[in-house]
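Here is the structure we will look at.
Derivation of every value follows stated rules applied to the coordinates shown; laboratory data play no part. Because the structure is a prediction, the values reported are computed rather than measured. Virtual Cβ from ideal backbone geometry, glycine too; neighbours counted across all protein chains shown.
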Amino acid sequence: MELLKGKTAMVTGGTRGIGYAIVKLYLDNGASVALCGSRQETVDKALDKLKAENPDYKVIGLCPDLQNPEEVAKAVAKVKETFGSFDIMVSNAGVSARDSLYDYKPEDFAKTMALNVNAVFNCAQAAAKVMKEQGGGVILNTSSMVSIYGQPSGVAYPTSKFAVNGLTKSLARELGRDNIRVNAVAPGVTRTDMVAALPEEMIKPLIATIPLGRVGEPEDVANAFLYLASDMASYVTGVILSVDGAART
Ligand code: NAD
């Protein structure tokens, strides 16, 4: 079943991990997709991989600086110009760090907030302007399970994800009247580069706290993004959907 037939989506952080899984699932469900990354080289690599799987995929690659509102607005305009509409914005790009508060450099705190929060605001604002004109749309953000319980190190990351939840719930209330739904997905530990970079002694105790007994796969998370983007979620807005195997760390 093609749940997104005729829809157009832009996915930030779409070159790998969770974002790449979302891009692929959206394409497999009939959407046209603009995948965004921070470097042209990784964007091209992801495009080549997708085209090798299916040359008929309607996909383009973009490299906007997500922290620059004008560049984000230009990217949104480019997607609309290329595919004729702009229906789904997925703000998924994010970074994390594990520094202790005692060593945390204020500039590193600001860097995490700039990508994980300010860029999400920029994407929501640019997308909403076009969606309002068009009569509606869907904005989805990647949060994290740490947005619910916090995290005992790297305080910028959980702080940024709490902010993502705040943006999501508030924008759902503000934009509902423009027929724009706004939701977030809060993944638990998911098998991506971000997790592969964590030391084994950190992963093992994490898995021990997950009732489903495994880490999530990017596809587990992408399925939630598919549901929320589709008309199956037509009356769902302002939700932070946990996809974490009931992990409570
Ligand atoms: P990843 O490191 O595999 O991918 C991150 C993506 O973000 C890449 O496509 C990268 O190009 C992009 N990105 C990084 N810095 C950027 C920048 N400055 N500008 C533009 N794009 C940039 O990570 P992932 O695990 O797939 O994470 C995706 C999202 O999921 C993030 O928001 C992350 O916080 C969230 N998340 C991940 C996990 C997990 O366990 N992997 C758990 C909870 C939440």
Reach of residue 78 by Cα under 21 Å, taken over lysines that are not fewer than 8 positions away in the same chain
5, 7, 24, 45, 51, 58, 129, 132
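Using a cut-off of 11 Å between beta-carbons, work out the net charge of the residues near residue 54 (Lys and Arg +1, Asp and Glu -1, residue 54 not included). Mind showing how you got there, number by number?
Numbers: positive: 24, 49, 51, 58; negative: 28, 53, 56.
Charge balance near residue 54 sits at +1.
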Over segment 129-249, relative contact order from alpha-carbon pairs under 8 Å, at least 6 apart, %
33
Please give, to one decimal in nm, the separation of the simple spin-label points placed at residue 121 and residue 204, each 7 Å out from Cα toward the Cβ.
4.3
Check cross-link reach from residue 204 to the aspartates and glutamates: straight Cα distance under 12 Å, and skip same-chain residues fewer than eight apart.
none
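Treat every Asp and Glu Cβ in segment 1-61 as -1 and every Lys and Arg Cβ as +1, leave all other atoms uncharged, and give the resulting dipole magnitude about the Cα centre to the nearest 20 debye.
Details: 9 positive and 7 negative charges, 25 e Å.
It works out to roughly 120 debye.
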With only Lys, Arg, Asp and Glu charged, each at its Cβ (+1 for the first two, -1 for the last two), find how big the charge dipole of segment 8-243 is about the Cα centre; round to the nearest 20 debye.
360
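Report Rg/Rh for segment 8-243, rounded to two decimals, where Rg is the Cα radius of gyration and Rh the Kirkwood radius. Kindly include the intermediate steps, with their values, before the conclusion.
On the way: Rg = 17.0 Å, Rh = 17.9 Å.
Here the Rg-to-Rh quotient is 0.95.
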Could you tell me the distance between the Cα centroids of segment 175-238 and segment 14-40, to the nearest Å?
15
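Report, in order of residue number, the helices in the chain meeting two criteria: a C-alpha extent of 15 Å or more along the helix axis, and a mean Kyte-Doolittle hydropathy of at least 0.0; treat each whole DSSP H run as one helix.
Helix filter hits for the chain: 17-28, 119-134, 218-229.
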Per-residue ellipticity at 222 nm for the chain, helices alone: DSSP H runs ≥ 4 residues times -39500 (n - 2.57), over residue total, nearest 500 deg cm²/dmol?
-14000 deg cm²/dmol
